[in-house]
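Engineer: Next up is a structure, given as structure tokens.
Bear in mind that the values in this text are calculations on the coordinates, not laboratory data. Owing to the predicted nature of the structure, the values given are computational and were not obtained by experimental measurement. Here Cβ is always computed from backbone atoms with ideal geometry, including for glycine, and neighbour counts include all displayed protein chains.
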Amino acid sequence: MSTTIAIDGPSGSGKSTVSKEVARRNGLAYLDTGAMYRAATWWVLDQRIDPADEDAVIAAVREMPLTVPVDPDDQVILCAGHDITDAIRTPELSRVVSRVSSYFPVRDILIALQRDIIAAEGEPDSYSHGRGIVAEGRDITTVVKPDADLRVLLTASEEARLARRAKELVGTVDAVTIEKTRGIVSERDRQDSAVTQFLEAADGVFTIDSSTMSISDVVETIENLAGRVT
Ligand code: C5P
């Protein structure tokens, strides 16, 4: 049977690391939907479109030639022949991504693509040979795949999330880097939560608070839950 695991959570909850590891250990495909919104933002900026120009943004995203990876060990993202894997993670792009993601027609385009990828991974000739997929983002449990076999909201205290992000973004965790990160992370979560509901679990969604858990503890908890529901 093909398994679909949907994982949502805010920035710094550890969802990418955990989702990739669950996929890797279980031979599942992995879909990073945040990378798709980031790629759309890169494409808009590359086309010199003003992110505030909603109609132009929508038209551009509709034509976006994006290749979405599903191998958890090979997350190279290509757009119009460019390797944009690193370019979609810059602080400049992170500041604009919430604006592009807030346009509902943009979401509709990407959600349709995400549903196609999730459906394809249930097929025997897919990357996962039909075993299924772990898809992560902000609205997978509620909008993209509310009928997933397992739906998880991964949360963590603000301190834990800021410390993880500070380590990722600046490399060190101290009072100064945490404060620097607070502005970036909290502002993005605030903007995103106006559009997607990822701060509280919807009905039937398991909440895992990862604040004091190791990555492998979270991975095992998800595997145990998946074993119960699939
Ligand atoms: O997960 P990540 O931080 O890479 O996501 C980047 C951005 O993409 C988020 O800040 C949010 O604006 C958008 N996003 C979204 N819906 C998703 C995943 C990401 O709106 N399912």
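Engineer: With θ set to phi - 60° and the Karplus curve 6.51 cos²θ - 1.76 cosθ + 1.60, what are the ³J(HN,Hα) couplings of the stretch 83-95 in order, to the nearest whole Hz, using x for Gly and Pro?
Structural biologist: These are the phi-based 3J(HN,Hα) values: 7, 10, 3, 7, 4, 7, 10, 6, x, 4, 5, 4, 6 Hz.
Engineer: Over the stretch 6-86, calculate the relative contact order: mean separation of alpha carbon pairs under 8 Å at least 6 apart, over the residue count, as a percent.
Structural biologist: It comes to 24 percent, rounded to a whole number.
Engineer: Quote the Stokes-Einstein diffusion coefficient, in whole µm² s⁻¹, for the chain, based on the Kirkwood radius over alpha carbon pairs, a temperature of 20 °C and a viscosity of 1.002 mPa s.
Structural biologist: In µm²/s, the coefficient rounds to 120.
Engineer: So for the pair Arg99, Arg190, with labels modelled 7 Å out along Cα→Cβ, what separation do we get in nm?
Structural biologist: Distance between the two pseudo-spin positions: 1.7 nm.
Engineer: Roughly what % antiparallel, to the nearest 5, for the DSSP beta bridges in the stretch 3-229?
Structural biologist: For the stretch 3-229, the DSSP antiparallel bridge percentage is about 20.
Engineer: Another question about this same structure. Compute, for the chain, the length of the dipole vector about the Cα centre, with Cβ point charges of +1 (Lys, Arg) and -1 (Asp, Glu) only. Units Debye, rounded to 20.
Structural biologist: Taking the Cα centre of the chain as origin, the dipole is about 320 debye.
Engineer: If contacts are Cα pairs under 8 angstrom and at least 6 residues apart, what is the relative contact order of the chain in percent?
Structural biologist: 32
Engineer: Restricting things to alpha carbons, tell me how big the stretch 161-217 is in terms of Rg and Dmax, in Å.
Structural biologist: For the stretch 161-217, the Cα-based Rg and Dmax read 13.6, 39 Å.
Engineer: Further question on the same structure: Report the gain in length on full extension from Glu179 to Arg48: 0.36 nm times residue separation, minus Cα-Cα distance, nm rounded to one decimal.
Structural biologist: Between Glu179 and Arg48, full extension yields 44.0 nm more.
Engineer: Can you give the log10 of the normalised intensity I(q)/I(0) at q = 0.12, 0.15, 0.24, 0.26 Å⁻¹, computed with Debye over equal Cα scatterers of the stretch 110-179?
Structural biologist: Taken in order of the listed q values, log10 I(q)/I(0) reads -0.51, -0.67, -0.96, -1.05.
Engineer: Can you bin every Cα-Cα distance in the stretch 50-95 into 10 Å intervals starting at zero and give me the percent of pairs per bin, rounded to whole numbers?
Structural biologist: For the stretch 50-95, the pair-distance distribution reads 23, 45, 29, 3.
Engineer: Please report how far the C-alpha centroid of the stretch 175-212 lies from that of the stretch 79-158, rounded to the nearest whole angstrom.
Structural biologist: Centre-to-centre distance over Cα atoms comes out at 17 Å.
Engineer: Please compute the net charge surrounding Asn26, taking Lys and Arg as +1 and Asp and Glu as -1 over other residues with Cβ under 10 Å from its Cβ.
Structural biologist: Neighbourhood net charge equals +1.
Engineer: What order do you get for Val176, Val219, Val134, Val61 when you list them from fewest to most C-beta neighbours inside 10 Å?
Structural biologist: By the 10 Å Cβ count, ascending: Val176, Val219, Val61, Val134.
Engineer: Something else about it: What length, rounded to one decimal in nm, is gained on full extension from Thr172 through to Arg89, with 0.36 nm per residue of separation minus their alpha-carbon distance?
Structural biologist: Taking Thr172 through Arg89 to full extension adds about 28.1 nm, to one decimal.
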